[in-house]
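The values are calculated or read from the model by the stated rules, or taken from the named source; none is laboratory data. Owing to the predicted nature of the structure, the values given are computational and were not obtained by experimental measurement. All Cβ positions, even for glycine, are placed from backbone atoms using ideal geometry, and neighbour counts span all protein chains on display.
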């Protein structure tokens with residue numbers, strides 16, 4: 001079975017782990033799923049999700065548990081970063097411009113964590129007229145990841 005790149009998995013983990021304590025809580029999962037997909041998860045859905053991922057049953061998900069689950073249950077082409085990018089790409093043209101970024105910040109900014117925001121805002125600080133492609137988004141996400149410490 002093919003596995004996901006460890007670096008990319010840690011990056012994705014960091015987007016879920018909004019307080020950077022090295023663990024993903026049920027609330028952090030709920031927040032990200034609702035922000036990215038717009039889907040409201042029921043308590044039963046969240047509990048089922050946690051039951052699958054929280055293999056040591058301590059109430060949260062470690063990066064190791066997350067990595068095992070991602071490699072076991074998700075195809076290697078699907079990591080969720082595309083969904084986060086698409087949250088900002090309102091016109092669905094494959095790029096995010098400053099107007100789209102500002103609109104999402106107005107509508108959903110309170111639901112996003114600072115790392116998710118920084119991926120785009122760092123690019124727009126360099127050039128307000130730029131358009132961020134998915135590849136540039138991944139590069140920006142990798143920059144954010146480099147500053148995050150994992151246990």
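Among the residues of the range 52-93, which ones are modelled with pLDDT under 90 and touching a strand residue (DSSP E or B) at 6+ places or on another chain (Cβ under 9 Å)?
53, 66, 69, 85, 88, listed by residue number.
(1) at pLDDT 75 or above; (2) outside any helix (DSSP H, G or I): which one isn't true of residue 106, the others all being true?
Result: residue 106 passes all but (2).
If only one of 34, 44 is out of contact with any strand residue (DSSP E or B) (no Cβ under 9 Å at 6 or more places or on another chain), over 27 Å from residue 104 (Cβ atoms) and either part of a helix (DSSP H, G or I) or modelled with pLDDT of 80 or more (or both), which one is it?
So the residue among 34, 44 that is out of contact with any strand residue (DSSP E or B) (no Cβ under 9 Å at 6 or more places or on another chain), over 27 Å from residue 104 (Cβ atoms) and either part of a helix (DSSP H, G or I) or modelled with pLDDT of 80 or more (or both) is 44.
Which one is surrounded by the most Cβ atoms within 10 Å (Cβ to Cβ) among residues in the range 47-60 that are in contact with a helix residue (DSSP H, G or I) (Cβ under 7 Å, 6 or more places away or on another chain) and part of a helix (DSSP H, G or I)?
So, considering only residues that are in contact with a helix residue (DSSP H, G or I) (Cβ under 7 Å, 6 or more places away or on another chain) and part of a helix (DSSP H, G or I), the one surrounded by the most Cβ atoms within 10 Å (Cβ to Cβ) is 53.
Among the residues of the range 5-31, count how many are surrounded by fewer than 14 Cβ atoms within 10 Å (Cβ to Cβ), in contact with a helix residue (DSSP H, G or I) (Cβ under 8 Å, 6 or more places away or on another chain) and either outside any loop (DSSP other than H, G, I, E, B) or at pLDDT below 85 (or both).
The number of residues fulfilling the criteria is 2.
Failed condition for residue 135, given (1) more than 18 Å from residue 10 (Cα to Cα); (2) modelled with pLDDT of 75 or more, with all others met?
All conditions pass for residue 135, except number (1).
Filter the range 138-151 down to the residues that are loosely packed, with under 11 Cβ neighbours inside 10 Å and under 23 Å from residue 27 (Cβ atoms), then identify the one that is modelled with the highest pLDDT.
149
Looking at 125, 99 in this structure, which one is modelled with pLDDT of 75 or more, outside any strand (DSSP E or B) and surrounded by fewer than 13 Cβ atoms within 10 Å (Cβ to Cβ)? Write out each step before concluding.
On the way: 125 fails: modelled with pLDDT of 75 or more.
Going through 125, 99 in turn, just one is modelled with pLDDT of 75 or more, outside any strand (DSSP E or B) and surrounded by fewer than 13 Cβ atoms within 10 Å (Cβ to Cβ): 99.
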